[in-house]
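The values are calculated or read from the model by the stated rules, or taken from the named source; none is laboratory data. Note that the structure is predicted; figures quoted are calculated from it, not measured. Cβ atoms come from the backbone with ideal geometry, glycine included; neighbour counts cover every protein chain shown.
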Amino acid sequence: MRSKGLTALLMAFSLFGTGSDSYRLAMPGYRYSFPADHFNHPEFQTEWWYYTGNLHSAEGRRFGFELTFFRHGVDREARPAGVWDVRDVWLAHLALSDLDGNQFFHTERLNRAGPGIAGADLGQARVWNGNWEVRWKGAEQQLDAVAERFSVDLSLRSEKPPVIHGIDGVSQKSEGAGRASHYISLTHLISRGSVTIDGKAFAVEGLTWMDHEFFTHQLEANQSGWDWFSLQFEDGTELMLFRIRRKDGSADPFSAATYVDATGRASHLDSGAFLVAPGKTWRSPDTGGEYPIEWNVQVPRLQIDVSLSTRLPRQELTGKGDVTPAYWEGAIEVKGTKGGRQITGVGYLEMTGYAAPVRMGV
């Protein structure tokens with residue numbers, strides 16, 4: 001769901017003071033155009049680009065990674081007097097899961113656009129925050145991000161067209177016009193490159209998933225968080241689903257899913273079409289949040305019945321003080337049946353609202 005989306009970050013952005021009246025709402029009938037819609041939409045207040053993937057070395061060592069860029073509009077009507085004035089706030093997260101080495105690294109940065117410090121631009125064909133960037137080169141993307149102890153350097157090639165989630169161009173998240181997002185995914189990015197940990201480089205390959213959402217309003221006050229899943233099956237199909245949780249513990253009817261077949265054709269699934277059940281939990285020693293790290297997912301119409309688990313329970317991004325709320329986002333493994341046959345896969349799981357309820361900043 002990004003609503004892969006970290007709407008919880010709106011709580012952080014509210015520290016800067018925001019008003020949404022001048023921003024455009026995500027409404028049905030939006031006409032998508034690529035490659036332009038892969039980049040910035042300043043007429044919407046909030047936007048994010050999410051890259052998550054499962055990688056492995058030739059020796060079989062497994063890794064997961066996350067690189068995310070967030071833009072939040074402070075004042076669309078502002079006419080900056082200088083290059084350092086704030087019209088948008090840009091936040092980015094970088095994480096690496098060393099699944100077999102039992103290590104999890106993560107960091108974040110917060111910037112204004114300034115003189116080209118952060119942004120998303122069709123003309124430059126890139127999204128960036130400092131020296132973290134994704135640069136488009138025709139059908140391929142180059143992802144590069146360097147932190148103090150680790151780095152990720154990948155070439156990504158999409159084997160499927162962009163997926164538009166939801167109905168009539170919008171992914172609805174709650175009742176009411178505009179309580180939605182425009183939500184795009186690239187669900188099957190063949191990935192090759194390297195990851196480096198403490199100076200040691202590993203040549204890797206695998207699969208990446210990219211989410212891009214832009215919107216102005218989404219969740220309501222009675223919605224406390226969500227669970228988001230991206231599953232990439234070995235047969236070349238994918239499944240995205242999100243379960244929005246209400247404060248009373250029930251699943252919100254605006255939860256939804258998208259199934260993508262091997263040719264790239266996407267099918268929308270409403271909340272009645274799938275079942276998601278949490279299992280074993282892990283309690284964070286840092287925040288006290290208790291996260292389900294094992295799940296069962298069923299989509300009866302598609303004869304999908306799979307179990308999800310992780311090799312590395314500690315994949316919580318704890319943030320820095322009040323700048324970013326804690327959430328869990330990590331690499332998972334998929335095992336079960338599909339169409340009556342055994343199937344495996346990989347994926348990513350995001351869970352918000354477990355350490356503390358999501359508080360909306362707009």
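What the table shows:
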quantity	calculated
Condition met for Gly272 (assigned to a loop (DSSP other than H, G, I, E, B) and farther than 25 Å from Phe104 by Cβ)	no
Filtered residues of the stretch 116-145 (kept if under 18 Å from the mean Cα position of the chain (by Cα) and among the acidic types (Asp, Glu))	Glu133, Asp144
Matching residues in the stretch 92-145 - criterion: being surrounded by 14 or more Cβ atoms within 10 Å (Cβ to Cβ), polar (S, T, N, Q) and not in a strand (DSSP E or B)	Gln124
Members of the stretch 146-195 that are under 17 Å from the mean Cα position of the chain (by Cα) and not in a strand (DSSP E or B)	Pro162, His165, Gly166, Lys173
Residue match in the stretch 53-64 (condition: farther than 20 Å from Ala180 by Cβ, at pLDDT below 95, among the hydrophobic types (A, V, I, L, M, F, W, C) and surrounded by 17 or more Cβ atoms within 10 Å (Cβ to Cβ))	no
